[in-house]
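Please read the structure below before turning to the comments.
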Amino acid sequence: MTKKKKNPVWAFFASVKLALFLLFVLAGTSIIGTVVPQNEPAQFYVQQYGASTAAFMQRLGVPDMYNSWWFLGLLALFCLNLIVCSLERIPQAWRLVTRDNLATPVDRLRKMGIRKEVLLKHPLAEAEKEVASHLASHGWKTGRRAVDGGTLLFAQKGAWTRFGVYIVHTSILVILLGAIIGSPTVARKILRSPNFAFKGSVMIPESREADYVWAFQTHEKINLGFTIRCDYFTIEYYANGMPKTYLSKVTILEDGKPVILKDGKTTHYLKVNKPLTYKGVTFYQASYQPYPDFIVTLKNETTGATRTSIIPAGKQINWPDIGASFGIINRETLGEVVRRVKIWFTDNKDKPSRFWIETGREAIIERPSGNFSLMTKQLYATGLQVTKDPGVWFVYVGCGMMLLGLLVAFFMSHRKVWAFLHEEKEGETVVLLAGSANKNKLGFEKRFASLVGSLQR
């Protein structure tokens, strides 16, 4: 009888060679996506690689490679290959799991590599109960059938482990589904809803707020549906002027009111590797931008009047409610960082005061009208990277499934045990024990030997 010829298209997509080829191609292209910076402005690629190479890269979508049409096409082909491979092989695994093992010929048991004969000095019925009870005590639940003048017992463990590899296949599909759901390209071009999933950034000066971000690559303005305010930004520098650590104190606002976050507070300190997530939108501390302006806080110690405002350098500021006028007339800088400022200050009585003050430090100014406290701080904007990825939970679930599938596929096996009992003499029963395992056969042999040895005692 000739074998039915497979459909060539089906055979192509069911090929393991195709799966390996696609894995190598995806791995190779992922290296390119790692080496080439992603989602940078077009001018960046012109400066780095030249105009012609940059134009070629833009046509291939390399600056946003993981959302490019050809990369998504490779993923789709890989998904199709996984599905067809699984559909091709699952029926065979199902047959192995559900087959009638009590129909196994006794002659086949006698030829198995793992087998042992044991003589029990009991009649067949009594020996059958003893063997079944012994196997049950070791976790082997047996089935029974009368065959060839004797009795055949069968038990198995881990039959479902034959599906471990298909759990891995499914996990990959779930992870890729999560990646598609969280893809800004899919949200923009297919769902026509850029707010559904996006990656972008926003620069928020201290004391200012924003209710939008600028999308990477398209530079499209995307509304958040709420407001985030930068209350404060601080940065520490090394002695050579290089940034050491920095963080932002931010507040989420809804209808102009602060929102209580999960930790019960209305503010959150954003640090590198310590993001904030609200309504599925995650904010990461990514960068900062120093400005030439300053945040100045002035308090009249006599009246208690206090005022904080952003002021430019080189300009006289008049605050009648505080009873003073002042200005920043000089700065001491290291790169873009202002270390000290020189202040001109007057309460319109006697000669103005002139003095240097370190930024972030408070100065007490003694004047004829009373004392004033003054603190200056260079104005910074916090640079936030913002993402909304509704598919992230699919990715987490898929990763969990993959770990489970790998555990099953590599460390668990389908084990089978048969026991054929027949009487050779009256009152004596010969038990032929045989077993098989689809993986870790050496380990199974040890367990089988232990099982047989304990029956002989």
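The values are calculated or read from the model by the stated rules, or taken from the named source; none is laboratory data. Note that the structure is predicted; figures quoted are calculated from it, not measured. FYI the Cβ positions are ideal-geometry reconstructions off the backbone, even for glycines, and counts take in every protein chain you see.
At a glance:
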item	result
Per-region count, the range 406-457, residues within 49 Å of the chain's Cα centre (by Cα), free of Cβ contacts under 8 Å to residues at least 24 places away in the same chain and within 20 Å of VAL147 (Cβ to Cβ)	0
The range 22-44, residues that are surrounded by 14 or more Cβ atoms within 10 Å (Cβ to Cβ) and closer than 25 Å to LEU80 by Cα	LEU22, VAL25, LEU26, THR29, GLY33
Subset tally (residues that are among the hydrophobic types (A, V, I, L, M, F, W, C) and in a strand (DSSP E or B)) for the range 183-221	8
Condition check for TRP160: among the aromatic types (Phe, Trp, Tyr) and free of Cβ contacts under 8 Å to residues at least 40 places away in the same chain	no
Test set (1) surrounded by 13 or more Cβ atoms within 10 Å (Cβ to Cβ); (2) of a type outside the set (Ser, Thr, Tyr); (3) modelled with pLDDT of 85 or more - ASN67 fails condition number	(3)
Selection count where residues are in a strand (DSSP E or B) and touching a Gly at 6+ places or on another chain (Cβ under 7 Å), scope the range 330-360	3
Selection count, the range 71-93, where residues are surrounded by 17 or more Cβ atoms within 10 Å (Cβ to Cβ) and out of contact with any helix residue (DSSP H, G or I) (no Cβ under 7 Å at 6 or more places or on another chain)	1
Hey, THR346 farther than 30 Å from GLY241 by Cα and surrounded by 15 or more Cβ atoms within 10 Å (Cβ to Cβ) or not	yes
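Per-residue answers, yes or no, for (1) surrounded by 14 or more Cβ atoms within 10 Å (Cβ to Cβ); (2) acidic (Asp, Glu); (3) part of a helix (DSSP H, G or I); (4) at pLDDT 95 or above:
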| position | (1), (2), (3), (4) |
| --- | --- |
| ARG110 | no, no, yes, no |
| GLU117 | no, yes, no, no |
| HIS122 | yes, no, no, no |
| ALA127 | yes, no, yes, no |
| ALA155 | yes, no, no, yes |
| ARG162 | yes, no, yes, no |
| VAL165 | yes, no, yes, no |
| HIS169 | yes, no, yes, no |
| ILE175 | yes, no, yes, no |
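Yes or no, residue by residue, for (1) in contact with a Gly (Cβ under 8 Å, 6 or more places away or on another chain); (2) in contact (Cβ under 8 Å) with a residue 24 or more places away in the chain; (3) not assigned by TED's automatic domain parsing to the domain that holds PHE154:
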{"site": "PHE12", "(1), (2), (3)": "no, no, yes"}
{"site": "LEU20", "(1), (2), (3)": "no, no, yes"}
{"site": "THR29", "(1), (2), (3)": "no, yes, yes"}
{"site": "VAL46", "(1), (2), (3)": "no, no, yes"}
{"site": "TYR49", "(1), (2), (3)": "no, no, yes"}
{"site": "SER52", "(1), (2), (3)": "no, no, yes"}
{"site": "TRP69", "(1), (2), (3)": "yes, no, yes"}
{"site": "PRO91", "(1), (2), (3)": "no, no, yes"}
